[in-house]
Amino acid sequence: MGFELQIDTGLNQGFIYFPIFKRNMGNKKKKPILNELFESKNDHVETAEEINRDEFIKAVKSRRSVRIFNDEPVLEEDMRKCLELALLAPNSSNLQPWEFYWVRDQNKKERLVEYCLGQPAASTAQELVVCVARYDFWKVNAERMLQLFREKGDKIPKSAKIYYKKIVPLAYSQGPLGSFGILKKLIVFFRGMSVPTPREPGSRNDMKIWAQKSTALACQNLMLSLRAFGYDSCPMEGMDSKRIKQLLELPRKAQICMVISAGKRAENGVYGEQVRFDSNLFIKTV
Ligand SMILES: Cc1cc2nc3c(=O)[nH]c(=O)nc-3n(C[C@H](O)[C@H](O)[C@H](O)COP(=O)(O)O)c2cc1C
């Protein structure tokens, strides 16, 4: 099995040519080194598997936010598989800035229902998962990636190591009191006047968004997986995030993305037909 290189060439494009960080690389026509790597040296072959389009559409269309669940349990094995599938979501720089707390302790579960404001989607749920965005994970997971590289030895291209050693810290570190972020913003502002430049993340808030994006994608993986396994779900942001953080003993930097409930829908579990505005309002061809 080949080792999968998972790299944001977009970020690389910006930072590898950053004059302040790397001199004499300001030639706009030159390709980013990692792009060259992909184009000329990648010998990993992974064919796209056939999937049943109708079954996929069925899973997407039949996923509804279920507010009342019946008494049927979610098999532990299924829940675990769905959580594992959540982790396969695409995520920024493959830094996996998330955590999923499957709350099984009865006492904690009762308190979690209370902190989800007692809403029926939580109180009738068989299982509850708190999905947490961890922007602070960029550092530890970059180190984990490098450790993985060390274990793989020669099989990892040098550029990949450079990416996690040099580019990732440049891109995600914001420095004490956001000082490095401010410096980056200034550089980005001036550089961006003449060449396309990646502009975020340049602050702690950007980092929160950065982690929330990837975590939300994993949440959707979880909900679609539950549907494919014959269960239902409801995402909830109607909750007391501070109390939930205390309940799970999470550090200050952890951000609750949402709580996801799971179970099988009761007969009256869906509150109405699915409503969406005209797609022309949202899908633009330009
Ligand atoms: C981030 C997010 C937070 C949500 N929070 C709640 C919530 O607290 N309680 C609830 O009943 N539904 C919640 N929902 C579900 C939405 O109300 C629901 O997705 C929307 O009405 C569309 O319905 P559908 O999911 O059945 O298509 C949330 C959905 C998302 C994506």
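The values are calculated or read from the model by the stated rules, or taken from the named source; none is laboratory data. Worth saying up front: this structure is predicted, and the values here are computed from it rather than measured. Methodologically, a virtual Cβ is constructed for each residue, glycine included, from the backbone with ideal geometry; neighbour enumeration extends over all protein chains shown.
Quick notes on this structure:
- Pairs with Cβ under 8 Å, 6+ apart, first in the range 62-76 and over 12 Å from Ala122 (Cα atoms), second near the ligand (Cβ under 10 Å from one of its atoms) and β-branched (Val, Ile, Thr): Arg64/Val270
- Filtered residues of the range 131-159 (kept if small (Gly, Ala, Ser) and either under 19 Å from Ser173 (Cβ atoms) or in contact with a Cys (Cβ under 9 Å, 6 or more places away or on another chain) (or both)): Ala133, Ala142
- Of the listed requirements (1) of a type outside the set (Lys, Arg); (2) under 27 Å from the mean Cα position of the chain (by Cα); (3) within 16 Å of the ligand (Cβ to nearest atom), Ala266 misses just one: (2).
- Entry remark, the range 218-243: residues being more than 10 Å from the ligand (Cβ to nearest atom), under 12 Å from Val130 (Cβ atoms) and buried (at least 22 other Cβ atoms within 10 Å of the Cβ) number 1 in total.
- Within the range 45-60, residues that are under 27 Å from Ser233 (Cα atoms) have Cβ atoms under 7 Å from residues that are in a helix (DSSP H, G or I) in these pairs: Ala59/Leu224; Ala59/Arg227; Ala59/Ala228; Val60/Leu224, counting only partners at least 6 apart in sequence or on another chain.
- Neighbours by Cβ (under 8 Å, 6+ apart or cross-chain): first from the range 235-250, not assigned by TED's automatic domain parsing to the domain that holds Gly118; second more than 11 Å from the ligand (Cβ to nearest atom) and of a type outside the set (Gly, Ala, Ser): none
- Checking Cys257 against (1) surrounded by fewer than 17 Cβ atoms within 10 Å (Cβ to Cβ); (2) within 11 Å of the ligand (Cβ to nearest atom), the condition it does not meet: (1)
- Restricting Asp71, Asp78, Asp105 to residues that are among the charged types (D, E, K, R) and surrounded by 17 or more Cβ atoms within 10 Å (Cβ to Cβ) narrows the list to Asp78.
- Scanning the range 199-217 for residues that are away from the ligand (no atom under 16 Å from the Cβ) and surrounded by 17 or more Cβ atoms within 10 Å (Cβ to Cβ) yields Pro201, Gly202, Asp206, Met207, Trp210.
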